[in-house]
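K.L.:
Pasting a structure here, questions to come.
The values are calculated or read from the model by the stated rules, or taken from the named source; none is laboratory data. The structure presented is a predicted model; accordingly, all values stated were derived computationally and were not measured. FYI the Cβ positions are ideal-geometry reconstructions off the backbone, even for glycines, and counts take in every protein chain you see.
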Amino acid sequence: MATPPLVPLILCGGTGTRLWPLSRASYPKQYWALAGASEATLLQQTHQRLQDLPGLAAPILVCNEDHRFIVAEQMRQIDVEPSAILLEPVGRNTAPAVAVAALQATSRGEDPLLLVLAADHVIRDEERFRLTVSAGLAAASAGQLVTFGIVPTAPETGYGYIESAEPLSANHPVPIARFVEKPDRATAEGFLASGRFTWNSGMFLFRASAILSELERLAPEVVSACRSALEHDSADLDFLRLEREAFAGCPSVAIDVAVMERTDRGCVLALDAQWSDVGSWSALWETADRDKQGNVLRGRVISRESRNCYLRSEHRLVVGLGVEDLVVVETDDVVLVAHRDRAQDVKSIVSQLEGEGAPESKAHRRIYRPWGYYDGVVDGDRWQVKKIQVKPGASLSLQMHHHRAEHWVVVQGTALVEKDGVEELLAENQSTYIPLGSRHRLINPGKIPVELIEVQSGPYLGEDDIVRFDDRYGRAKEILARS
């Protein structure tokens, strides 16, 4: 029997707060280049490591609605055209994400294999990973629900475990005896010594029809809500936006809990491929290549007489002199300095900042949009300055503001500006004034990015002061951050 098409199902949820200040809700860790010397992001690497798998088909991606343009752009950068990008209006854990993707995959009468992957994992031995996935194809094609258990390297208490009913193998799946929630240290040591336990990776392989059948049997309310959300979805450019009310009514439950812990069709393959879920800065240090002093250096960094540190600069020079076991991460608005043993506690700092309403808890100064991005530079009581970059061929929406006026100065490239129906072409060092209430837009007609400095002034400068009249990205009816 021929192997059915293999459709990667890449789940892009999660905010990765333990990797703050780099990972934030507006731009989580899966969209950053964190692994090794590669410039590819974790999301891009998730797809790239699948090359040469038999029957590989176009992926399905499930992501937060706010991240849709980031996902589409990162796939475009690696020349991947997804079969679908499904937008979750609210997070509901992995069972609904898998259910809606399986329904989408079978909507045209097909029954592919779904390879369920998280977008934020690191797997250094990619060849071993592909071999292990290939070893599960036959069982999955026959209707088994295959999960990939990570061969443990330490008695970790931060992971769930899977016990196999037979001796583990990387060459063929064996039945699952049970799933175990995060154990204490002594229990984890016993698991490690037994040789029958693996870490629960959250990666799966099964036919779309097989997982739907088990979801219908074990969690019918999940399938019902997801079917309704998909039947009433709305197409939005390259995206499928799930109907909010139906999806919000779906139980929030992991696929492990909803199905894998209860099914009699589950089996496990042992995966020994230098896997990490990059759950903290210390985990990132452990998985990265280090210099002779045990340091991981990223960006504009100088290290002298320092040992076992993770030093990262996104903008300014970072110097480590005579320090040990530190994590130092510099961004444009935050500098984190922590002992590596306390890296897991970063999440509590984020919670504190959220409670204080600090913008640094959720967003970077650089905000990405489908047309490019803008950086917050400096602000005052009734004014603020931004640097804006618009991609070649891209356009801001036709828009107006009720409470602010704007001055634009072009510093790179050529900008076509429309104001109240009149167009003007601005070259470098030329400027224009956008009065309050003026209908305006900016287009980049050139082949290089346009960069401009924007000075806003007015009594209210919030990004929700925007009325869109026309937008090539389908946002004319939305009230979002910026055009």
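K.L.:
Just to be sure I understand the filter: pairs with C-beta atoms under 7 Å, separated by 6 or more residues or on different chains, first member in the stretch 178-192 and outside the structural domain of Leu168 (by TED's automatic domain parsing) and under 24 Å from Pro167 (Cβ atoms), second member surrounded by 12 or more Cβ atoms within 10 Å (Cβ to Cβ) and polar (S, T, N, Q). Which pairs pass?
P.N.:
Nothing qualifies.
K.L.:
While we're here: Consider Trp275 carefully, then state whether it is closer than 24 Å to Ser201 by Cβ, touching an Asp or Glu at 6+ places or on another chain (Cβ under 9 Å) and surrounded by 20 or more Cβ atoms within 10 Å (Cβ to Cβ).
P.N.:
When the stated conditions are applied, Trp275 passes them.
K.L.:
Same structure, new question: Do you know which residues across the stretch 66-75 are surrounded by fewer than 22 Cβ atoms within 10 Å (Cβ to Cβ) and either modelled with pLDDT under 95 or within 18 Å of Cys250 (Cβ to Cβ) (or both)?
P.N.:
Asp66, Phe69, Ala72, Glu73 - these are the residues of the stretch 66-75 that are surrounded by fewer than 22 Cβ atoms within 10 Å (Cβ to Cβ) and either modelled with pLDDT under 95 or within 18 Å of Cys250 (Cβ to Cβ) (or both).
K.L.:
Is the stretch 152-174 home to any residue that is in contact with a Gly (Cβ under 6 Å, 6 or more places away or on another chain) and under 19 Å from Ser276 (Cα atoms)?
P.N.:
yes
K.L.:
May I pose another question? Filter the stretch 285-308 for residues that are in a loop (DSSP other than H, G, I, E, B) and either in contact (Cβ under 8 Å) with a residue 24 or more places away in the chain or in contact with a Cys (Cβ under 6 Å, 6 or more places away or on another chain) (or both) and give the result.
P.N.:
Ala288, Asp289, Asn295, Gly299, Asn308
Residues are listed down the side, and each one gets a yes or a no for (1) buried (at least 19 other Cβ atoms within 10 Å of the Cβ); (2) in contact (Cβ under 8 Å) with a residue 60 or more places away in the chain; (3) on the phi < 0 side of the Ramachandran plot:
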| residue | (1), (2), (3) |
| --- | --- |
| Thr15 | yes, no, yes |
| Gln30 | yes, yes, yes |
| Leu42 | yes, yes, yes |
| Gln48 | no, no, yes |
| Pro54 | no, yes, yes |
| Asn64 | yes, no, yes |
| Asp79 | no, no, no |
| Asn93 | yes, yes, no |
| Ala99 | yes, yes, yes |
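K.L.:
In the stretch 2-12, which residue that is part of a loop (DSSP other than H, G, I, E, B) and touching a helix residue (DSSP H, G or I) at 6+ places or on another chain (Cβ under 7 Å) is surrounded by the fewest Cβ atoms within 10 Å (Cβ to Cβ)?
P.N.:
Thr3
K.L.:
Determine, yes or no, whether Ala254 is small (Gly, Ala, Ser), in contact (Cβ under 8 Å) with a residue 12 or more places away in the chain and within 30 Å of Asp345 (Cα to Cα).
P.N.:
Yes.
K.L.:
Which fully enclosed strands (runs of 3 or more DSSP E) of the stretch 317-357 have 1 or more residues being among the acidic types (Asp, Glu), surrounded by 14 or more Cβ atoms within 10 Å (Cβ to Cβ) and not assigned by TED's automatic domain parsing to the domain that holds Val378?
P.N.:
Hits in the stretch 317-357: 326-330.
K.L.:
Another one. What is the one condition in (1) touching a residue at least 24 places away in the same chain (Cβ under 8 Å); (2) touching a helix residue (DSSP H, G or I) at 6+ places or on another chain (Cβ under 7 Å) that Leu353 does not satisfy?
P.N.:
Of (1) touching a residue at least 24 places away in the same chain (Cβ under 8 Å); (2) touching a helix residue (DSSP H, G or I) at 6+ places or on another chain (Cβ under 7 Å), only one is false for Leu353: (1).
K.L.:
Would you mind finding the one in Thr153, Thr147, Thr157 that is out of contact with any helix residue (DSSP H, G or I) (no Cβ under 8 Å at 6 or more places or on another chain), closer than 29 Å to Thr41 by Cα and either assigned to a loop (DSSP other than H, G, I, E, B) or touching a residue at least 12 places away in the same chain (Cβ under 8 Å) (or both)?
P.N.:
Thr153
K.L.:
Identify the single condition in (1) at pLDDT below 95; (2) touching a helix residue (DSSP H, G or I) at 6+ places or on another chain (Cβ under 7 Å); (3) not hydroxyl-bearing (Ser, Thr, Tyr) that Ala273 does not satisfy, given that it satisfies every other one.
P.N.:
Going through the list (1) at pLDDT below 95; (2) touching a helix residue (DSSP H, G or I) at 6+ places or on another chain (Cβ under 7 Å); (3) not hydroxyl-bearing (Ser, Thr, Tyr), Ala273 breaks only (1).
K.L.:
Restricting attention to the stretch 104-122, which residues are over 20 Å from Phe239 (Cα atoms), surrounded by fewer than 22 Cβ atoms within 10 Å (Cβ to Cβ) and out of contact with any strand residue (DSSP E or B) (no Cβ under 8 Å at 6 or more places or on another chain)?
P.N.:
Those that are over 20 Å from Phe239 (Cα atoms), surrounded by fewer than 22 Cβ atoms within 10 Å (Cβ to Cβ) and out of contact with any strand residue (DSSP E or B) (no Cβ under 8 Å at 6 or more places or on another chain): Gly109, Glu110.
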